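Peer 1: What follows is a structure written as structure tokens; I'll ask about it next.
The values are calculated or read from the model by the stated rules, or taken from the named source; none is laboratory data. Note that the structure is a prediction, hence the values are computed from the model and not measured. FYI the Cβ positions are ideal-geometry reconstructions off the backbone, even for glycines, and counts take in every protein chain you see. When the accessible area is computed, the model is the full protein with side chains, heavy atoms only, and any ligands, DNA or RNA have been set aside. Shrake-Rupley method; radii C 1.70, N 1.55, O 1.52, S 1.80 Å.
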Amino acid sequence: MEPRVQYARTSDGVNIAYTVFGEGPPLLVPPLLAGSHLQLEWSVPARRTTYERLAEHATVIRYDCRGTGMSQRDRIDFGPDAVARDMEAVMDAAGFNRAALFVVQAGAIIDAASWAVAGAEGDRINRVIFWIRRRADWAEVGRRLSRLEFLMEEDWELYTEIRTRLIAGWEHADAAPFAAMLRAGHSPESIRAADEMVMKHRHGSPSSMSSLSIPALILHPLGEAASSQVAVSLAAECRSGEVLGIPGQVVGPYPNEIGVAAIHEFIRAEALSPDGAQSIAHLDMGAAVKTVLFTDLEGHTEMMRRLGDARARDVLREHERVTREALGAHGGTEVKTMGDGFMASFGSPQRAIECAIALQRVFAAREIHGERLSVRAGINAGEPIAEEDDLFGSCVILASRTAARARGGEILVTDVVRQLAAGKGFVFVDRGDASLKGFEDVVRLFEVRWDA
């Protein structure tokens with residue numbers, strides 16, 4: 001159901017359209033300069049999906065800035081002062097004194113910096129999230145658009161269609177509804193003003209970002225070099241900014257479910273370090289996205305036959321104690337035990353890998369009732385289905401299949417886990433593509449090296 005559009009009046013007398021939906025900590029989502037319309041954007045699948053995901057664990061506050069969308073159209077101004085007035089009016093009308101700010105940045109960094117700094121200076125923003133997705137050929141896109149400017153007055157519909165295709169890609173599934181939203185949400189005058197703002201500051205972030213003292217989480221699609229460079233540059237400007245690469249497919253300008261989960265955890269986190277920053281390594285990836293660990297005791301059946309039920313049970317009991325102790329030490333949640341193995345979930349891939357390494361080191365260093373145990377471990381991350389203290393779904397099955405591919409003493413992880421844990425000090429060895437039962441596509445697996 002689309003949220004109800006309401007109106008707020010700014011201190012300089014401009015009417016701003018806004019919506020409020022979802023439950024949880026307040027999250028202010030300013031519009032994209034490239035195009036915004038509170039009603040029509042719900043017809044763009046990628047946007048609607050993102051808003052619905054955000055609203056699962058946040059109160060989302062959306063608005064159209066002055067001069068665009070459903071807000072007052074005759075007051076075109078995209079400068080920081082106007083942005084601050086629009087934002088302040090919307091937050092007052094929505095009934096929030098402070099909120100986290102989520103800025104989607106698909107072009108020049110100035111948009112994000114303006115909104116963040118304006119909000120921080122007004123003491124209305126307690127933390128900020130940047131989603132950076134910058135096209136490597138943005139300057140070339142700008143040059144092509146400038147050659148088409150004559151079409152704005154001659155054929156507005158054709159211009160918006162071409163503009164959308166140039167920015168989003170000619171085959172993009174959301175291009176048609178986005179073009180319709182662009183036509184309804186902009187005028188030739190506002191498009192020119194937005195382009196001037198973007199092109200003027202396309203080379204980087206303003207020095208005023210160094211005054212941003214609130215915690216900043218800077219997300220970017222993993223593997224996109226241009227986006228990563230901008231994200232790192234922005235983090236260097238902030239006093240307490242941290243960068244997190246988001247793996248998986250990204251459709252449109254907004255992050256996928258893994259990125260949204262990181263946003264949820266960041267805005268609900270309360271325990272901050274003295275300088276206001278929180279380590280990304282300890283972010284729970286949200287209520288929906290989990291890291292699943294499977295362990296399996298190699299040679300269990302043969303051991304039972306050799307030792308007999310009583311002695312074998314003593315060994316298994318100690319194996320269970322050691323495993324549960326490691327889970328507790330690394331923030332893992334035991335989902336269930338399967339006699340000779342465990343299924344557990346973690347809030348982050350780093351914790352799951354650290355737990356698996358700790359287990360392997362314990363079993364490699366000591367005998368249990370005269371037995372040297374050898375454990376296989378497999379890890380995957382995704383969005384499982386939770387029912388009655390159990391987890392189900394393809395991401396759980398993939399974790400189990402991954403563990404089955406490991407040999408005793410090995411830890412195997414999927415590519416998504418490797419990407420999420422990149423830069424955390426682990427050594428990954430590419431084990432190549434694997435055809436796993438129940439999965440049509442091959443799965444890339446990596447071994448985590450550990451020292452005994």
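Peer 1: Working only within region 374-418, note down all residues that are at pLDDT 90 or above and of a type in the set (Gly, Ala, Ser).
Peer 2: Selection gives Ala377, Gly378, Ala399, Ser400, Ala403, Ala404, Ala406.
Peer 1: Could you check Glu371 against (1) open to solvent by 30 Å² or more (accessible area, probe 1.4 Å); (2) modelled with pLDDT under 80 and say which number it fails?
Peer 2: (1)
Peer 1: Identify all residues within region 105-126 that are open to solvent by less than 10 Å² (accessible area, probe 1.4 Å) and modelled with pLDDT of 60 or more; write none if there are none.
Peer 2: Matches in region 105-126: Gln105, Ile125.
Peer 1: Looking at region 332-358, which of its residues are more than 23 Å from the chain's Cα centre (by Cα), within 22 Å of Asp451 (Cα to Cα) and open to solvent by 10 Å² or more (accessible area, probe 1.4 Å)?
Peer 2: Across region 332-358, the qualifying residues are Ile357, Ala358.
Peer 1: Can you tell me which residues in region 184-213 are open to solvent by less than 40 Å² (accessible area, probe 1.4 Å) and modelled with pLDDT of 80 or more?
Peer 2: Ala184, Gly185, His186, Ser187, Pro188, Ser190, Ile191, Ala193, Ala194
Peer 1: From Ile397, Ile379, grab the single residue that is out of contact with any strand residue (DSSP E or B) (no Cβ under 7 Å at 6 or more places or on another chain), surrounded by 12 or more Cβ atoms within 10 Å (Cβ to Cβ) and in contact (Cβ under 8 Å) with a residue 40 or more places away in the chain.
Peer 2: Sole residue among the options that is out of contact with any strand residue (DSSP E or B) (no Cβ under 7 Å at 6 or more places or on another chain), surrounded by 12 or more Cβ atoms within 10 Å (Cβ to Cβ) and in contact (Cβ under 8 Å) with a residue 40 or more places away in the chain: Ile397.
Peer 1: Can Ala364 be described as under 30 Å from Gly245 (Cα atoms) and either open to solvent by less than 70 Å² (accessible area, probe 1.4 Å) or touching a residue at least 24 places away in the same chain (Cβ under 8 Å) (or both)?
Peer 2: Criteria not met by Ala364.
Peer 1: Only one residue in Glu440, Glu447 is over 15 Å from Val292 (Cα atoms), touching a strand residue (DSSP E or B) at 6+ places or on another chain (Cβ under 6 Å) and acidic (Asp, Glu), so which one is that?
Peer 2: Glu447
Peer 1: What tally of residues in region 1-20 results from selecting those that are open to solvent by less than 30 Å² (accessible area, probe 1.4 Å) and either under 15 Å from Ile76 (Cα atoms) or under 23 Å from the mean Cα position of the chain (by Cα) (or both)?
Peer 2: Going through region 1-20 one residue at a time, the tally reaches 6.
Peer 1: When both residues are 6+ apart or on different chains and their Cβ atoms are under 6 Å apart, which pairs have a first residue that lies in region 311-335 and is more than 24 Å from Ile397 (Cβ to Cβ) and touching a residue at least 24 places away in the same chain (Cβ under 8 Å), and a second that is open to solvent by 30 Å² or more (accessible area, probe 1.4 Å) and outside any helix (DSSP H, G or I)?
Peer 2: Hits for this filter: Asp314/His369; Val315/His369.
Peer 1: Next question. So Leu38 passes all but one of these: (1) free of Cβ contacts under 8 Å to residues at least 40 places away in the same chain; (2) open to solvent by 10 Å² or more (accessible area, probe 1.4 Å); (3) under 14 Å from His186 (Cα atoms). Which condition number does it fail?
Peer 2: With respect to (1) free of Cβ contacts under 8 Å to residues at least 40 places away in the same chain; (2) open to solvent by 10 Å² or more (accessible area, probe 1.4 Å); (3) under 14 Å from His186 (Cα atoms), Leu38 is out only on (2).
Peer 1: Which numbered condition trips up Pro253, out of (1) assigned to a loop (DSSP other than H, G, I, E, B); (2) at pLDDT below 70?
Peer 2: Failed condition: (2).
Peer 1: Does Glu23 qualify as being over 18 Å from Trp131 (Cα atoms), assigned to a helix (DSSP H, G or I) and modelled with pLDDT under 95?
Peer 2: When the stated conditions are applied, Glu23 does not pass them.
Peer 1: Now for a different question. Please go through (1) under 26 Å from Asp430 (Cα atoms); (2) open to solvent by 80 Å² or more (accessible area, probe 1.4 Å); (3) aliphatic (A, V, I, L, M) for Ile385 and return the number of the only condition it doesn't satisfy.
Peer 2: Every listed condition holds for Ile385 apart from (1).
Every residue, every condition in (1) within 29 Å of Glu265 (Cβ to Cβ); (2) at pLDDT 95 or above; (3) part of a helix (DSSP H, G or I), yes or no:
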{"position": "Pro31", "(1), (2), (3)": "yes, no, no"}
{"position": "Thr50", "(1), (2), (3)": "yes, no, yes"}
{"position": "Arg53", "(1), (2), (3)": "yes, no, yes"}
{"position": "Cys65", "(1), (2), (3)": "yes, no, no"}
{"position": "Phe78", "(1), (2), (3)": "no, no, no"}
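Peer 1: I'm trying to understand the selection: among the residues of region 429-438, which are under 18 Å from Val448 (Cβ atoms) and open to solvent by 50 Å² or more (accessible area, probe 1.4 Å)?
Peer 2: Asp430, Arg431, Asp433
Peer 1: Could you check region 387-432 and list, in sequence order, the residues that are over 26 Å from Val232 (Cβ atoms) and among the small types (Gly, Ala, Ser)?
Peer 2: Listed by number, the residues that qualify are Gly393, Ser394, Ala399, Ser400, Ala403, Ala404, Ala406, Gly408, Gly409, Gly432.
Peer 1: Does region 43-58 hold any residues that are more than 15 Å from the chain's Cα centre (by Cα) and open to solvent by 20 Å² or more (accessible area, probe 1.4 Å), and which are they?
Peer 2: Ser43, Pro45, Arg48
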